[in-house]
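Bear in mind these aren't lab numbers, they're just calculated from the coordinates by the rules spelled out. These numbers were taken from a predicted model, which means no experiment stands behind them. A quick note on method: Cβ atoms are made from the backbone with ideal geometry, for glycine too, and the neighbour counts reach across all protein chains shown.
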Amino acid sequence: MASITLKNINKTYPNGVSAVHDVSLDIRDGEFMILLGPSGCGKSTTLRMIAGLESITSGDLLIGTNRVNDVDPAQRDIAIVFQNYALYPHMTVLDNLSFGLKLRGVDPTEISRRVQRTAEMLGIHPLFDRKPSQLSGGQRQRVALGRALVREPQAFLLDEPLSNLDATLRAAMRTELIKLHRSLGTTIVHVTHDQVEAMTMGERICIMKDGEIVQVGEPMDVYRNPVNTFVAGFLASPPMNLLAGHLEDAGDGAVKVLSGNIAFTIPSHLAKGFSSHAGKPVTIGLRSEDFYLSNGAAKHTVPVNVEAVTTEVLGSEVILVASTGGNAAAEIQVRMPRDFRASPGEKVALHFDLSQIQVFSTTTTRALPRI
Amino acid sequence: MNQLVTIESADRRFGWFMSAPTLALLLAVILFPVFWALFTSVHDYTLIAPDFDTFTGLQNYFSALRNSEFRHSLGLTAFFVFVVVLIEFVIGFGVALMLNSVNRFKPIYYGILLCPLLMNPVIVGLIWRMFLHPSLGIVNYLLSVVSIEPVNWLGSTNVAIWTIVMVDIWHQVSFMIVLLLAGLSALPKEPYEAARVDGASTFKAFRHITLPLMWPVIIVTLLIRLIFAGRPGDLDRPCQLFHLSEGVRQPSCR
Ligand SMILES: Nc1ncnc2c1ncn2[C@@H]1O[C@H](COP(=O)(O)OP(=O)(O)O)[C@@H](O)[C@H]1O
Ligand SMILES: [Mg+2]
């Protein structure tokens, strides 16, 4: 087991595409780290540089305390599960699992012991004699995972391993991977563009955009305190409601928030950090779950009156899509209890929990500090 | 379900319809001559009396096999085919592997490689006969520059067969290269990356991934080359051999 440290890593592909800029990240020993970001933001490139499949243009990569920039992938003692699995198409499942160990000259009895144990854990032992082409997507994915597991490496790198699975299987494999990490305690770097995976699986999330790291932190921390509008809009489904508006000084350290028909005052003890921004355009972030139908549900609620556009009944809850009205009308999505119903055009009186408000500078997109 | 079956059979009928002209042509120019030849071979058929009056069974075959010159030629042909295909395969696979990792100017290399293949066999024979001429040829001249005795490339009984092997390799090796290169460039890239992380050296990756994945292509390539190199009555080789060995008038490689 080992930590992985990236120091100011850059990657420019030979064709001139600059895929990763100045990425610095400390992945602790035994940590489950998520690399999250939209497609094309450089997640795979970062992972492949850690694996040694892609050269590092500049910067330092450390595994444990050793600089491994120029170390052959075979010597890094790291296993990778590729997005497309990359199984050996001509080998049976059994050979796929044992190939890496054979190459390393592991004793045959030890090989069969490890392969048996891993295969039983993943439920793929009945498939030993099949070729990859005779497996379903989920089975291939488990074989690819098994091939990494039998190696018992210092760290696992997983490149969107669940993206090709159907929803049920994906949910099941998420749980499996979490359990696996708990029992092995090995460092895992898991790449995904799926925010649900990121929130549920990671001990820490590293959010990337256009080849740069935007924010690193524990899932709830990133969720509650996004550093900018990109992170705010990317995490969670439905995403945070981002409304254009501006701040006004309301005296005594309190500030007034204005956006279309929405107007409310944030008391001074919640708005210390915002008051310096009074008079400037801002983006207001309201999470969909911080709205209530009654005003007694949270400590500092303010009324928000909206007009229903449509409702999405999900079973466990209802998503209300509503318009804020006024000349800067915007659509917001609000989580409502499962028995909530509203017909289009109906006025709905909502109450927002002020303590959860996020305010972002419109010019820099960065969050304004609350205190 | 029923409709699917109908569509499928319609597809099949259309397929047959489209291939019918080609099939008919193949039947006429391949299957018919083959059966004609087989049929003729079991009759006493001469150009003076071209008829099928006398059935002789395997008589013709026995008399051919009793002829020591025929046996010699047969042995030489077998030897020639085996050696040529083997060497061409080794060289071809090696060059294909090297070219497969080249990214720049690939079309140019392809162009150069295809040149010999495009050349008429008769011309190939004539060119090499001039190159290999015992006293006027450039090959012996170049050898003399580095003080090596001139070689009687086409006249000597020991050397002639190897000369012809060499010329055939020169002429046909690009065929192997092109076919094997096509196979190599169609191989998936991902297993190689997986193998690198799994700890495979370049040689191990070749041995455990490239070779097994290439088997189907290798077999087809070898089969095609074996058929072409060993085909009796091949237009290509006898002409070439004839032009190479004409004027030498020695039965060294007939
Ligand atoms: N081999 C390559 N050559 C050139 N550009 C590449 C290569 N691989 C990826 N890229 C580019 O680098 C950027 C990041 O790609 P990638 O790391 O695959 O993104 P992600 O995995 O986050 O979707 C993209 O713009 C992509 O087009
Ligand atoms: Mg990717």
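Given the rule -39500 (n - 2.57) for each run of at least 4 DSSP H residues, summed and divided by the residues of chain B, what is its mean residue ellipticity at 222 nm, to the nearest 500 deg cm²/dmol?
-23000 deg cm²/dmol
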* **Folded to 0 to 90 degrees: helix A:137-149 orientation relative to chain A principal axis, Cα** => 70 degrees
* Structure fact -> Taking Rh as the Kirkwood radius computed over alpha-carbon pairs of region B:150-236 and applying Stokes-Einstein at 25 °C with viscosity 0.890 mPa s, one gets a diffusion coefficient in µm² s⁻¹ of 155 µm²/s
* To do: Report the calculated FRET efficiency for A:Ser276 and A:Arg224 (r = Cβ-Cβ distance, R0 = 25 Å), to the nearest 0.05.
  => 0.70
* What translational D, rounded to a whole number of µm²/s, comes out for region A:241-361 from Stokes-Einstein when the hydrodynamic radius is the Kirkwood one over Cα pairs, at 20 °C and 1.002 mPa s? -> 146 µm²/s
* **Point-to-point label distance, A:Asp166-B:Ala28, nm (Cα→Cβ direction, 7 Å offset)** => 5.5 nm
* Tilt relative to chain A, helix A:167-184 - C-alpha long axis, 0 to 90 degrees, to 10 -> 70 degrees
* Set of lysines with alpha-carbon distance to B:Lys204 below 24 Å, sequence-local pairs under 8 removed -> A:Lys102, A:Lys131, B:Lys189
* If you count, for every residue in A:100-108, the Cβ atoms of partner chains within 10 Å of its Cβ, what is the mean? -> 3
* Asked: How far is the Cα center of region A:93-152 from the Cα center of region A:22-65, in Å?
  -> 26 Å
* Structure fact -> Mean shadow area (nm²) of the C-alpha convex hull around region A:291-371 is 6.6 nm²
* **Average partner coverage of B:183-191, which counts Cβ from other chains inside 10 Å** => 3
* Using a simple spin-label model with points 7 Å from Cα along the Cα→Cβ vector, what separation in nm is obtained for A:Val196 and B:Leu86? -> 6.3 nm
* Give the span of region B:1-66's Cα atoms along each principal axis, as three whole-Å numbers ordered largest to smallest. => 63, 21, 20
* Structure fact -> Computed Rg/Rh for region A:71-214 (Cα atoms; Rh = Kirkwood radius) stands at 0.96
* In region A:241-361, lysine pairs with alpha-carbon atoms under 19 angstrom apart (chain gap of 8 or more, or interchain) -> 5
* Structure fact -> Simple spin-label estimate for B:Leu76/B:Asp11, 7 Å along Cα→Cβ, in nm, reads 5.3 nm
* To do: Calculate one ³J(HN,Hα) per residue across region A:73-79 by plugging θ = phi - 60° into the Karplus curve 6.51 cos²θ - 1.76 cosθ + 1.60, and present them in order as whole Hz with x for glycine and proline.
  => x, 4, 8, 7, 6, 10, 10
* Hz values of 3J(HN,Hα) by residue in region B:214-224 - Karplus curve (6.51, -1.76, 1.60), Gly and Pro given as x -> 8, 3, x, 5, 4, 5, 4, 4, 4, 4, 4
* To do: Using only alpha carbon positions, build the gyration tensor of chain A, then give the equivalent ellipsoid semi-axes as the square roots of 5 times its eigenvalues, largest first, whole angstrom.
  => 46, 25, 16
* Structure fact -> Expected vector for region A:316-323, Karplus 3J(HN,Hα) from phi with 6.51, -1.76, 1.60 and θ = phi - 60°, integer Hz, x for Gly and Pro, equals 7, 7, 10, 9, 9, 9, 9, 9
* Please state, to two decimals, what the Cα-based radius of gyration of region A:1-94 comes to when divided by 2.2 N^0.38 Å (N = residues). => 1.14
* To do: Give the Rg/Rh ratio for region B:68-249, taking Rg as the radius of gyration of the Cα atoms and Rh as the Kirkwood radius, to two decimals.
  => 1.05
* Please report, to one decimal in angstroms, the Kirkwood hydrodynamic radius of region A:157-202 built from all distinct Cα-Cα pairs. => 10.8 Å
* Most fluctuating residue given options A:Asp252, A:Asp95, A:Asp353, as computed from a GNM of chain A linking Cα atoms under 10 Å -> A:Asp252
* Asked: What number, rounded to the nearest 500 deg cm²/dmol, is the helix-based mean residue ellipticity at 222 nm of chain A, given -39500 (n - 2.57) per DSSP H run of at least four residues and division by all its residues?
  -> -7000 deg cm²/dmol
* **For A:Arg366, residues with placed amide H under 5 Å, excluding near neighbours** => A:Ser361
* Structure fact -> Interchain or sequence-distant (5+) residues whose placed amide H lies within less than 5 Å of the amide H of A:Val348 are A:Val306, A:Glu307, A:Ala308
* Near-label residues of region A:10-27 by backbone N, under 18 Å of a point 7 Å along Cα→Cβ of A:Thr57 -> A:10-25
* Given a cut-off of under 8 Å on Cα pairs at least six residues apart, what relative contact order in percent is computed for chain B? -> 24 percent
* For helix A:108-122, what angle does its Cα long axis make with the longest principal axis of chain A, in degrees from 0 to 90 and rounded to 10? -> 30 degrees
* Could you tell me the convex hull volume per residue, in Å³, taken over the Cα atoms of the protein assembly as shown? => 296 Å³
